[in-house]
Amino acid sequence: MTRPSPRLGLVAGGGIFPALVAQNAKKQGFKVIGAGFVSDTSRDTPATTHVFTWLKLGQLGALIRFFKKHKVSQVVFAGPIDKPRALAIRPDLRAARVLFSLACKSDDSLLRAVAREFEKEGMEVVSATRFLPELTTPRGVLTRRAPDKREIRDILYARPIAKTLGSLDIGQCLVVREQMTIAVEGIEGTNATILRAGTLAQKGCVVVKIFKPGQDARIDLPAIGPETIRSMITAQATCLAVDAQTSLLFSPQETLELANRHNIAILGMDESLLQELAP
């Protein structure tokens with residue numbers, strides 16, 4: 001008797017990540033049941049799944065019913081949601097109950113609460129890196145050019161500040177120059193933060209992106225990719241440091257080639273590496 005394929009519920013945000021997760025999950029023997037949002041999800045994503053439905057942000061009850069109908073046993077979150085647009089959501093009854101129960105509606109609190117709703121229904125929430133472990137950011141200098149002494153000093157200055165802000169669930173990204181804080185990520189996202197820093201400080205900014213203390217790695221990881229580098233080129237930023245192993249590096253070849261062409265240094269950092277590099 002043939003054993004039925006396990007069913008993975010894919011909560012698909014924007015970009016190519018959901019499609020990559022779906023493709024690799026299928027290779028691992030999963031039947032992929034996808035749900036996306038009309039305001040965010042790529043129109044190419046449904047073709048990578050077995051079954052797909054379109055929803056509006058805030059339709060948590062409808063999402064859970066859809067996954068239960070298709071006998072989903074595990075759920076994965078992949079891809080970003082436009083946060084400013086999400087402020088205008090009209091929650092259904094189940095989503096409204098979740099929102100009402102939260103004293104703080106920050107990213108981590110909200111995502112954890114949504115994950116709990118799936119778990120109440122017997123669906124395990126799993127990390128997207130289970131299907132794409134090769135996209136985790138390696139440790140070390142990733143580009144031809146290593147950060148110079150000035151950039152290292154800026155990274156050492158910025159990382160503890162970013163971690164403190166991250167522990168308050170404010171954002172993942174901090175942009176600095178000459179050990180001065182230029183821009184802090186809020187609801188606008190990393191790329192907009194970098195561009196804003198460029199208008200304030202012009203050439204020479206260092207971008208630091210961290211895994212927030214206490215962040216749930218199953219449902220939200222910091223990510224960089226070609227768009228990050230394009231934003232840095234526009235802002236004339238010279239160095240990017242991102243937490244190794246606990247962040248994602250999309251389109252690694254394209255990302256690193258673009259950085260190399262524009263003499264941008266990229267560092268996959270951890271505490272021990274920063275101690276080694278400290279001037």
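The values are calculated or read from the model by the stated rules, or taken from the named source; none is laboratory data. None of the values given here were measured: they were computed from a predicted structure. Please note: Cβ atoms are built from the backbone with ideal geometry, for glycine as well, and neighbour counts cover all protein chains shown.
With the condition being in the same structural domain as V126 (by TED's automatic domain parsing) and within 24 Å of T228 (Cβ to Cβ), I'd like the strands (runs of 3 or more DSSP E) fully within segment 11-90 carrying at least 1 qualifying residues. Result: 31-37, 74-78.
Pairs please, first residue from segment 130-157 and aromatic (F, W, Y), second anywhere and part of a helix (DSSP H, G or I) and modelled with pLDDT of 95 or more, Cβ atoms under 7 Å, 6+ apart in sequence or on different chains. Going by the 7 Å Cβ cut-off, the qualifying pairs are F131/V21; F131/N24; F131/A25. Would you please list the contacts, defined by Cβ atoms under 6 Å and residues six or more apart or on different chains, that run from a residue in segment 14-35 that is closer than 25 Å to G189 by Cα to a residue that is aliphatic (A, V, I, L, M) and part of a helix (DSSP H, G or I)? Matching pairs, first to second residue: V21/A128; A35/L63. Only one of the numbered conditions (1) within 24 Å of A19 (Cβ to Cβ); (2) surrounded by fewer than 18 Cβ atoms within 10 Å (Cβ to Cβ) is violated by S231, and that is (2). In segment 158-177, the qualifying residues are those that are free of Cβ contacts under 8 Å to residues at least 24 places away in the same chain and part of a helix (DSSP H, G or I), and the one that is surrounded by the most Cβ atoms within 10 Å (Cβ to Cβ) is L165. Check segment 232-244 and report whether any residue there is closer than 29 Å to V114 by Cβ, out of contact with any helix residue (DSSP H, G or I) (no Cβ under 8 Å at 6 or more places or on another chain), at pLDDT 95 or above and not hydroxyl-bearing (S, T, Y). Scanning segment 232-244, I find at least one residue that is closer than 29 Å to V114 by Cβ, out of contact with any helix residue (DSSP H, G or I) (no Cβ under 8 Å at 6 or more places or on another chain), at pLDDT 95 or above and not hydroxyl-bearing (S, T, Y), so the answer is yes.
Among the residues making up segment 144-157, a single one is surrounded by 20 or more Cβ atoms within 10 Å (Cβ to Cβ) and part of a loop (DSSP other than H, G, I, E, B): P147.
Can you confirm whether segment 199-206 contains a residue that is under 15 Å from the mean Cα position of the chain (by Cα) and either assigned to a helix (DSSP H, G or I) or not assigned by TED's automatic domain parsing to the domain that holds F17 (or both)?
Quick first cut of segment 199-206, residues under 15 Å from the mean Cα position of the chain (by Cα) only: none.
No.
Scanning segment 183-222 for residues that are under 16 Å from T255 (Cα atoms) and free of Cβ contacts under 8 Å to residues at least 40 places away in the same chain yields one hit, V207.
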